[in-house]
1. So, in region 24-147, how many Lys pairs have Cα atoms under 26 Å apart, if the pair is 8 or more places apart or on different chains?
2. Kindly rank 44-57, 21-34, 119-132 from highest to lowest mean number of other beta carbons found within 10 Å of each residue.
3. Around Val64, what is the net charge, scoring Lys/Arg as +1 and Asp/Glu as -1 over all other residues with Cβ under 10 Å from its Cβ?
4. Filter the GluC sites (Glu not before Pro) in region 57-141 to those in DSSP coil with at most 14 other Cβ atoms within 10 Å of their Cβ, and list the result.
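Rule-based calculations on the coordinates, nothing more; no lab input. Please read these numbers as outputs of a predicted model, since none were measured by experiment. Ideal geometry is used to build each Cβ from the backbone, glycine not excepted, and the neighbour counts take in all protein chains shown.
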Amino acid sequence: MKGLARDVLSRLSFSPDFPFILMGGAALILTGALGLILHARWRRKTPEEQERLRRLAINRTGRVTYGQIVDWLEPPPGKKGARLVVFKYEVAGVKYDAAQDISALPTVVVRIRESIGQQARLKYDVDHPGNSIIACEEWSGLLQYSPAQVARSKPSLKSEA
């Protein structure tokens, strides 16, 4: 095998076409490298896609705890911007305040307005507890309160005498 490679190289080096063959090989390698670089840049994820993947990863592997919805922030009418739900929770004695942009989750946006001040479930990354979500495309931590349940759970103020 080594003898065959030496024989081919010795014939090419004495060939008048050797510089053209060498330039053609180099051009082919450079074209391939450029193609790989362009493909990598084309496949770069947008910030929205990265956030969606983060939410889904926490949904798959995160641990569930309870927290409280503190506030709801949205841009002024007619302007674009993030719709943030602000919540707080505690993990292993450490208190966390977090916010999540839920603009990409329209069904959650409708329900969150009614949930300020209420308790909610959330999922957090076990290795990084500050990395948490209150909702994603496949799961929502908003608790369901039906008006009938709330009415039944209120104690009567009238004394029964």
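1. Number of lysine pairs found: 6.
2. 119-132, 44-57, 21-34
3. Residues close to Val64 contribute a combined charge of +3.
4. Counting only loop positions with at most 14 other Cβ atoms within 10 Å, the GluC sites (Glu not before Pro) in region 57-141 are Glu114, Glu137, Glu138.
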